[in-house]
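Have a look at the structure below, then the notes.
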Amino acid sequence: MNRVEPLTTEELIEAAPYLAQLRDSGVTLPTSFHVLGRRPKVLEAFQPFFGSIMREGSVPAGLKQLIAHVVSRTAGCLYCQAHTGHFAHTLAGESYERVEAVWSFETSDLFSEAERAALRVARDSGGVPNAATDEQFDELRKHWSDSEMVEIVCVISMFGFLNRFNDTLANELEPDAVEFSDAHLAQSGWTIGKHG
């Protein structure tokens with residue numbers, strides 16, 4: 001149950017009119033937007049920031065969503081795990097198999113060495129204290145440029161904010177994210193937890 005009452009969709013669109021196009025395209029606006037809409041300037045600033053990290057650059061969009069998923073799982077945010085798994089498939093085109101196997105990335109033949117290096121850093125950066133090592137960055141550097149490494153760490157860092165925001169406020173998950181997660185993430189331990 002939400003610890004802060006989300007705005008209605010109408011109130012959200014009034015606070016953030018640029019979201020009307022997204023809503024009108026059939027995309028379910030996340031509960032987190034409905035809550036963050038209580039601070040319209042923060043939501044307005046967040047949108048291009050999020051887009052520049054998740055939709056720009058040379059690291060594949062699907063891998064970015066999987067990185068976000070792994071860091072969210074390490075941080076324990078069930079809300080963000082559901083969204084990143086769902087978005088990896090629906091928005092970024094990742095196969096169900098790769099989303100389902102992401103926690104076997106070390107041994108699964110569905111992941112390349114470059115992807116393993118990025119997912120390893122995501123896994124070990126998501127906790128407190130941060131457990132990323134120099135050796136992991138040496139391995140990352142074998143596959144990714146400095147700009148791409150910053151891109152990967154930007155995904156990890158942005159989800160540090162989102163994990164804390166959504167988990168602390170116990171934001172309720174939308175039905176489409178729940179349906180996806182029950183079908184494709186539950187076998188690796190995902191539950192709706194406090195986000196139902």
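The values are calculated or read from the model by the stated rules, or taken from the named source; none is laboratory data. Owing to the predicted nature of the structure, the values given are computational and were not obtained by experimental measurement. Cβ atoms come from the backbone with ideal geometry, glycine included; neighbour counts cover every protein chain shown. Quick note on the areas: whole protein, heavy atoms, side chains included, nothing else; ligands and nucleic acids left out. Shrake-Rupley method; radii C 1.70, N 1.55, O 1.52, S 1.80 Å.
Cβ-Cβ distances below 8 Å connect the following pairs, each with a first residue in segment 124-141 that is of a type outside the set (D, E, K, R), a second residue that is open to solvent by 60 Å² or more (accessible area, probe 1.4 Å), and a separation of six or more residues or different chains: 126/73. Scan segment 179-191 for residues that are part of a loop (DSSP other than H, G, I, E, B) and surrounded by 13 or more Cβ atoms within 10 Å (Cβ to Cβ) and the total you get is 3.
Here's the yes/no breakdown for (1) closer than 16 Å to residue 158 by Cβ; (2) assigned to a helix (DSSP H, G or I); (3) open to solvent by 70 Å² or more (accessible area, probe 1.4 Å); (4) in contact with a Pro (Cβ under 6 Å, 6 or more places away or on another chain):
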site	(1), (2), (3), (4)
20	no, yes, no, no
27	no, no, no, no
33	yes, yes, no, no
45	yes, yes, no, no
72	yes, yes, no, no
101	no, yes, no, no
106	no, no, yes, no
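Taking the criterion of being surrounded by 20 or more Cβ atoms within 10 Å (Cβ to Cβ) and either in a loop (DSSP other than H, G, I, E, B) or polar (S, T, N, Q) (or both), the residues of segment 75-99 that qualify are 77, 81, 84, 94.
With respect to residue 114, is the statement that it is in a helix (DSSP H, G or I) and either small (Gly, Ala, Ser) or open to solvent by 50 Å² or more (accessible area, probe 1.4 Å) (or both) true? For residue 114, the condition - in a helix (DSSP H, G or I) and either small (Gly, Ala, Ser) or open to solvent by 50 Å² or more (accessible area, probe 1.4 Å) (or both) - is met. Out of everything in segment 143-173 that is part of a helix (DSSP H, G or I) and among the small types (Gly, Ala, Ser), what residue ends up being nearest to residue 31 (Cα to Cα)? Looking at residues that are part of a helix (DSSP H, G or I) and among the small types (Gly, Ala, Ser), I get 160. Restricting segment 1-18 to residues that are among the hydrophobic types (A, V, I, L, M, F, W, C) and surrounded by 12 or more Cβ atoms within 10 Å (Cβ to Cβ), the residue that is nearest to residue 160 (Cα to Cα) is 4.
Test residue 176 against the criterion of being buried (at least 18 other Cβ atoms within 10 Å of the Cβ), part of a helix (DSSP H, G or I) and of a type outside the set (S, T, N, Q), and give yes or no. Reasoning before the result, please.
Numbers: buried (at least 18 other Cβ atoms within 10 Å of the Cβ): no; part of a helix (DSSP H, G or I): yes; of a type outside the set (S, T, N, Q): yes.
Here the answer is no, as residue 176 does not meet what is asked.
Here segment 47-57 is the region considered, the condition is being assigned to a helix (DSSP H, G or I) and in contact (Cβ under 8 Å) with a residue 60 or more places away in the chain, and the residue that is surrounded by the most Cβ atoms within 10 Å (Cβ to Cβ) is 54. Looking across segment 126-155 at every residue that is closer than 24 Å to residue 47 by Cβ and not aliphatic (A, V, I, L, M), the one that is least open to solvent (accessible area, probe 1.4 Å) is identified as 126.
When segment 8-18 is filtered for residues that are outside any helix (DSSP H, G or I) and closer than 14 Å to residue 44 by Cβ, only 16 remains.
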